[in-house]
Amino acid sequence: MENSAPIIPSTPSLELHTLEDSSDVTASTLPIRNLYMESYGCQMNLADSEVVVSILRPHGFAVTTSYEQADLIFINTCAIRDKAEQTVRKRLSQFNQIKRHKPDLIIGVLGCMAERLKQQLLEEEKLVDIVAGPDAYRDLPRLVATVDGGHRAINTFLSREETYADISPMRLNSNGVTAFISIMRGCDNMCSFCVVPFTRGRERSRDPYSIVREAREVFEQGYREVTLLGQNVDSYKWSPTKPSTTKVANGHSAFPVLNQVDSQVVEIQQARVDVQEIINFAQLLAQVAQIHPDLRVRFSTSHPKDITNEVLHTMKAHDNICKYIHLPVQSGNSRILQLMNRTYDREWYLQKVRDIRNIVGPSCGISSDMIAGFCTETEEDHQDTLSLMDEVQYDFSYMFYYSERPGTLAARKYADDVPLVVKKTRLQEIIDKQRQHSLASNLKDIGQTYQVLIEGPSKKSNDYWQGRTNTNKVVVFKNQGCAKGKYVNVHIKTCTSATLLGDICD
Ligand code: SAM
Ligand code: SF4
């Protein structure tokens with residue numbers, strides 16, 4: 001899911017001694033330097049920025065919300081479309097203006113664009129001092145020290161194991177109610193349009209004990225919703241293939257004991273490989289849901305080829321697993337889907353939607369990603385996307401026109417032959433249709449009462465607050481002594497295509 005706005009930490013400049021983590025002795029001996037972070041792109045990037053801050057904190061870095069006060073500026077980047085990269089380049093140029101008057105300022109580029117362009121940003125474009133790919137964040141203290149020593153520094157090594165499982169992310173820009181938890185990294189699918197497998201490497205699943213522990217910790221801190229994140233959460237699979245030190249409850253290695261909320265957590269050695277201990281996504285989901293009934297659980301993104309009926313039944317079985325699935329289709333035409341290497345066709349996708357509605361329920365929210373104007377797409381193919389949208393009636397969608405990415409299968413094999421003006425026209429038709437469907441879906445909610453988790457003041461006024469339904473719809477309502485993190489019932493009075501509006505009724 002895209003968010004092109006910079007994500008800025010909500011906490012003002014934090015002094016290191018005020019932070020909980022004082023275990024690193026170097027912290028007290030180092031001068032405190034200010035770190036300013038901006039994140040672009042998907043929620044996984046935001047989650048990664050939280051890991052980066054946690055890694056740097058014990059090395060004398062405090063977060064600042066002001067780039068003018070920063071000693072170190074990191075941009076966590078997205079490479080998914082050319083436009084995302086151009087935005088980052090502009091921002092880097094602005095930061096380089098500051099560096100002219102402040103030569104000790106260190107500028108670093110992290111994430112997918114760093115991985116894609118590697119040395120180019122350092123040596124050719126000379127825009128940055130540090131380049132670090134998504135699997136190199138543990139190395140950041142050394143990279144910064146290298147720059148302190150007068151050299152530029154780069155690490156774009158892609159790992160087959162790194163999941164940052166042991167790192168407790170420092171929540172940035174947080175409303176204190178909803179938290180993102182990465183459950184896996186990388187992607188093994190080779191969708192022909194997509195640069196992610198090249199920038200984020202091979203798929204690997206994070207150990208489930210650390211995921212459940214992190215979810216429990218955020219619940220205890222007052223958060224009431226977690227979103228489990230991965231490029232393809234349905235292919236989550238973890239097995240203790242190597243002996244590793246893992247925290248589990250009461251000394252048992254079998255995963256299900258972790259649902260005992262109050263059980264004492266002890267450290268044990270997991271030394272045996274046992275095929276029965278393989279944990280799939282449905283099992284992980286159930287474990288997180290069992291932490292507490294007041295903790296809502298969401299997940300993203302689901303791949304239509306991998307989502308199983310077991311996951312759907314697990315959603316149905318737990319009231320606190322939100323009844324909402326982000327199930328990107330990309331195109332409604334089977335020939336285009338094959339060129340995209342999505343490994344399903346139109347009929348398969350529509351059957352998945354029927355399965356969702358049959359098993360989870362007819363009101364389960366469904367959203368999608370759509371790409372307009374992929375290579376060779378004809379007007380008829382495009383009409384198939386519009387007709388699929390009519391059949392599914394998505395609640396909302398993220399919609400893009402195709403942007404060729406160097407090195408991908410599509411860039412190597414197919415001509416980017418749909419003219420930009422046609423791509424843009426088709427995209428607009430998709431957007432217009434989605435707006436009609438979103439409005440129609442919201443109109444059906446008028447007169448209904450929904451449980452809403454309060455996330456904070458609405459964007460427009462402090463007199464109004466907002467939260468979301470279990471199906472992921474945004475609801476705005478009058479502030480009647482509202483408190484963040486509480487559940488309220490809201491009677492829906494009216495709506496726009498993006499928002500439901502109503503009154504608290506209890
Ligand atoms: N892993 C997710 C999946 O398979 O659905 C999506 C990850 S990607 C970060 C988010 C969305 O960006 C994709 O679903 C796709 O719609 C869009 N996207 C990816 N590559 C693109 C490209 N080259 N041009 C336009 N849109 C693209
Ligand atoms: Fe990209 Fe496809 Fe992987 Fe999603 S599943 S990240 S679109 S390669």
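Throughout, read-outs are computed from the coordinates displayed, never taken from laboratory work. This is a predicted model, so every value here is computed, not measured. No Cβ is skipped: glycine too gets one built from the backbone with ideal geometry, and neighbour counts run over all protein chains shown.
Annotations
- Cα-based Kirkwood hydrodynamic radius, segment 30-154, one decimal, Å: 14.2 Å
- Dipole orientation for the chain: of the candidates Leu501, Tyr40, Val53, Leu501 has the Cα lying most toward the positive pole (charges on Cβ; Lys, Arg +1; Asp, Glu -1).
- Under the span-like rule (Cα at least 24 Å along the axis, Kyte-Doolittle mean at least -1.0), DSSP H helices of the chain: 420-444
- One quarter of the convex hull surface built on the alpha carbon atoms of the chain amounts to 24.3 nm², the projected area averaged over directions.
- Neighbours of Gln97 by Cβ distance under 13 Å: Lys/Arg scored +1, Asp/Glu scored -1, total +4.
- Listed pairs Lys424/Lys473; Lys118/Lys423; Lys237/Lys423; Lys90/Lys486; Lys237/Lys352; Lys102/Lys459 exceeding 32 Å between Cα atoms: Lys237/Lys423; Lys90/Lys486; Lys102/Lys459
- For Ile107, distant residues with modelled amide H under 5 Å away: Ile73, Asp129, Ile130
- Assigned charges on the beta-carbon of Lys, Arg, Asp, Glu; the chain dipole about Cα centre (debye): 460 debye
- For Lys237, residues with placed amide H under 5 Å, excluding near neighbours: Ser205
- Amide H contacts under 5 Å for Ala179, placed H, 5+ residues apart: Glu225, Val226, Thr227
- Pairwise centroid distance, computed over Cα atoms, of segment 430-446 with segment 341-406, Å: 16 Å
- For Ala415, net neighbour charge (Lys/Arg +1, Asp/Glu -1) across residues whose Cβ lies under 12 Å away: -2
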